[in-house]
Amino acid sequence: MKSEIKKICCIGAGYVGGPTMAVFAYNCPHIQINVVDINEDRIKSWNNPDLSLLPIYEPGLAAIIKKCRGKNLHFSTDIKKHIQNSDMIFISVNTPTKTKGIGKGKALDLKWIEKSARQISNYAKNNTIVVEKSTLPVRTADTIKKILESVNTKEQNPKIKRKNFTVLSNPEFLAEGSAVDNLQNPDRVLIGGDDDSSIEALKGIYLNWIKNEKILTTNLWSSELSKLTANAFLAQRISSINSISALCEATGADIKEVALAVGMDSRIGNNFISAGPGFGGSCFKKDILNLIYLCDYYGLDKVSKYWQQVIEINNWQRERITNIVVNKLFGTISDKKIAILGFAFKANTNDTRESPAILICKDLIEEGGNLRIYDPKVNSKQIEKDLSCIQNQNNLDKEIGNWKFVNSIEKASEDADGIIILTEWDEFKNINWSKISQKMRKPSWLFDTRLVSNTNEAKLFGIDVWSLGN
Ligand code: UDX
Ligand code: ADP
């Protein structure tokens with residue numbers, strides 16, 4: 001197959017497709033890149049002249065979009081046209097866990113992948129290289145190949161020319177909040193496939209800014225499984241440290257000290273051992289569920305149970321936090337005001353997918369609490385969607401609580417009995433506790449689930465403090 005790539009199409013303008021293609025465009029001014037999506041609003045936002053209104057917030061992203069958009073980076077809903085014109089097509093569509101049918105709750109729903117593959121099969125020109133970017137179950141490339149080749153089986157009509165496709169797996173390892181930096185300086189780039197010249201073509205793109213030693217080539221299945229395994233290992237570290245946080249609370253050990261001591265062992269390292277309210281994000285839970293589904297499918301019962309436990313600890317940690325809040329506030333939060341600081345699943349992103357805040361807030365509302373939610377980047381519409389209940393200031397049913405979006409820490413704290421920090425945003429590190437303590441109702445509580453606030457200062461101003469793992 002060809003090796004010089006001049007035009008790229010990326011199907012899916014989401015958290016993966018958008019930033020990835022922006023960094024490609026930035027580093028490869030000689031390549032024309034079209035990012036396409038069925039979602040018209042999303043494409044409109046990517047084309048918005050006001051860069052503060054891009055659909056995704058990532059540090060450094062707006063500057064790249066400003067530089068490349070309209071030059072070699074374009075956002076469009078004309079999927080057919082851009083598939084037809086491209087030498088290489090990336091699939092970056094969403095792959096959520098199935099909510100019904102076979103594999104419900106575990107397997108990935110591949111309907112968007114299948115649809116993309118069919119579109120490529122119909123419109124792409126001969127010799128197009130198809131690259132899987134979305135996280136996929138192992139052996140999905142097989143499915144994609146079969147669909148792509150389906151055009152070739154309609155051979156009754158001699159006018160339909162046989163098309164050749166190769167499929168490569170090029171999993172994304174970017175973490176939200178640092179996506180641009182991760183793409184610009186990756187630990188490694190993984191390319192799985194069996195067609196050498198297609199691999200070389202994709203490698204050629206990355207070589208524009210990444211050293212050869214960092215580009216790893218494997219077979220397709222190793223590449224797909226590596227992505228799942230990397231995410232499962234990272235999530236496992238978080239569940240491990242979170243399980244120990246509960247033991248610290250029971251014994252008088254301090255989770256920060258334990259993590260420091262453990263992480264200084266060079267065999268272990270200090271990344272991904274910060275205790276918190278549980279991991280969120282679009283990948284970890286989904287990928288582990290996918291791994292579990294694979295293990296079940298291949299009859300590896302013990303392995304399946306092993307990974308299941310990582311998810312169970314994660315669920316348990318979130319429930320544990322809700323219980324602690326309710327217990328500390330005298331066993332009931334009915335009619336009490338609670339400030340929720342942070343709703344995103346981690347700092348520096350506006351993404352809330354699988355955020356621990358969702359379950360914790362739902363449980364607190366169920367317990368009758370009146371939540372005042374503040375997040376520097378998540379908007380109230382998104383929170384409304386996640387909590388599946390609209391903002392309600394005058395709830396007549398006092399048994400069930402309500403929530404309201406506010407735009408500052410101060411507003412969230414007014415008359416609050418408790419403040420819960422759920423995301424590690426920088427501005428929560430330097431809260432002025434002298435000012436905030438005056439706004440709260442007494443006795444006032446601070447629950448720091450991310451270990452970011454100055455708890456000594458909060459105590460100094462008369463606030464009772466519970467911090468995770470202490
Ligand atoms: C993850 C992987 O890191 C990335 O390589 C993959 O491609 C996609 O999934 P992401 O979900 O964006 O990225 O964020 P990540 O930084 O991995 O954090 C995931 C969750 O774990 C967050 O909720 C975060 O708060 C939590 N976390 C992370 C901890 O609780 N403690 C830690 O020490 C690290
Ligand atoms: P991710 O985090 O994997 O990028 P997102 O949900 O943020 O997931 O983005 C996936 C994008 O893919 C969405 O904007 C969705 O509209 C788009 N998409 C899904 N199916 C198709 C399709 N067949 N053609 C074009 N875009 C699609």
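Quick note: the coordinates plus some simple rules give every number you see, no bench work behind them. None of these values were measured; they are calculated from a predicted model. Cβ atoms come from the backbone with ideal geometry, glycine included; neighbour counts cover every protein chain shown.
Structural remarks
- Kyte-Doolittle mean at least -1.0 and Cα axial length at least 30 Å: DSSP H helices in the chain: 220-251, 301-328
- Gain in span if fully extended, Lys328 to Asn219, counting 0.36 nm per residue against the direct Cα distance: 33.9 nm
- Mean separation of Cα contacts under 8 Å, 6 or more apart, over the residue count of the stretch 265-341: relative contact order %: 27
- Segment Gln84-Arg188, length gained on full extension (0.36 nm per residue, minus Cα span): 34.4 nm
- Nearby lysines by direct alpha-carbon distance to Lys442 (threshold 26 angstrom, same-chain neighbours under 8 apart not counted): Lys328, Lys336, Lys337, Lys362, Lys398, Lys404, Lys411, Lys429, Lys459
- Separation of alpha-carbon centers, the stretch 25-56 and the stretch 325-400, rounded to whole Å: 32
- Set of the stretch 66-101 residues, backbone N closer than 20 Å to the point 7 Å along the Cα-Cβ line of Leu207: 87-89
- Residues Arg372, Arg353 in ascending order of nearby Cβ atoms (within 10 Å, fewest first): Arg353, Arg372.
- Across the stretch 302-370, the mean sequence separation of Cα contacts (distance under 8 Å, 6 or more residues apart), normalised by length, yields a relative contact order of 35 percent.
- Note on Ala253 and Asn432: the extension gain reaches 61.7 nm, defined as 0.36 nm multiplied by sequence separation minus the Cα-Cα distance.
- Remark: the stretch 264-278, residue by residue, has Karplus-estimated 3J(HN,Hα) of 6, 6, 4, 6, 9, x, 9, 8, 6, 10, 8, 5, x, x, x Hz, where x stands for each Gly or Pro and the curve is 6.51 cos²θ - 1.76 cosθ + 1.60 at θ = phi - 60°.
- Ranking of Ile360, Ile390, Ile11 by count of other Cβ atoms within 10 Å, fewest first: Ile390, Ile360, Ile11
- Out-of-range pairs (alpha-carbon distance over 30 Å; input Lys44/Lys381; Lys305/Lys381; Lys67/Lys163; Lys377/Lys435; Lys6/Lys67): Lys305/Lys381; Lys67/Lys163
- Relative contact order of the chain, taken over Cα pairs closer than 8 Å and 6 or more residues apart, is 12 percent.
- The distance linking the stretch 96-134 with the stretch 233-294 is 32 Å (Cα centroid to Cα centroid, whole angstrom).
- Approximate spin-label separation Asn454-His30, in nm, with each point projected 7 Å along Cα-to-Cβ: 5.4
- Set Lys7/Lys80; Lys111/Lys346; Lys133/Lys285 screened for pairs whose C-alpha atoms are more than 25 Å apart: Lys111/Lys346
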